[in-house]
Amino acid sequence: MSITLKSARVNKNLTQVEAAKLIGVTVDTLSNYERGKSYPDVPIIQKMEQVYGVSYSDLIFLPRDNG
């Protein structure tokens, strides 16, 4: 079952502030990941898998906004 980063966070009842702290990034960075403005590197993806309880293959990364 595929799920967006934001949905994975909301399903765990986490705010962006809480999730960012658990993952080890800033709120702005997490927001950029959720909006497809930037993409996390492998260690951050692994931390997201742990925090959200979702495997990488099920996470949907929104396309980069080229506008």
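Bear in mind these aren't lab numbers, they're just calculated from the coordinates by the rules spelled out. Just so we're clear, the structure is a prediction, and the values are computed from it rather than from any experiment.
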> What is the percent of Cα-Cα separations in the chain that go past 20 Å?
Replying inline: 15 percent
>> Using the Karplus curve 6.51 cos²θ - 1.76 cosθ + 1.60 with θ = phi - 60°, what ³J(HN,Hα) values do you get for each residue of region 19-32, in whole Hz, with x for Gly and Pro?
In response: 5, 4, 5, 5, 7, x, 10, 7, 4, 4, 5, 4, 4, 5
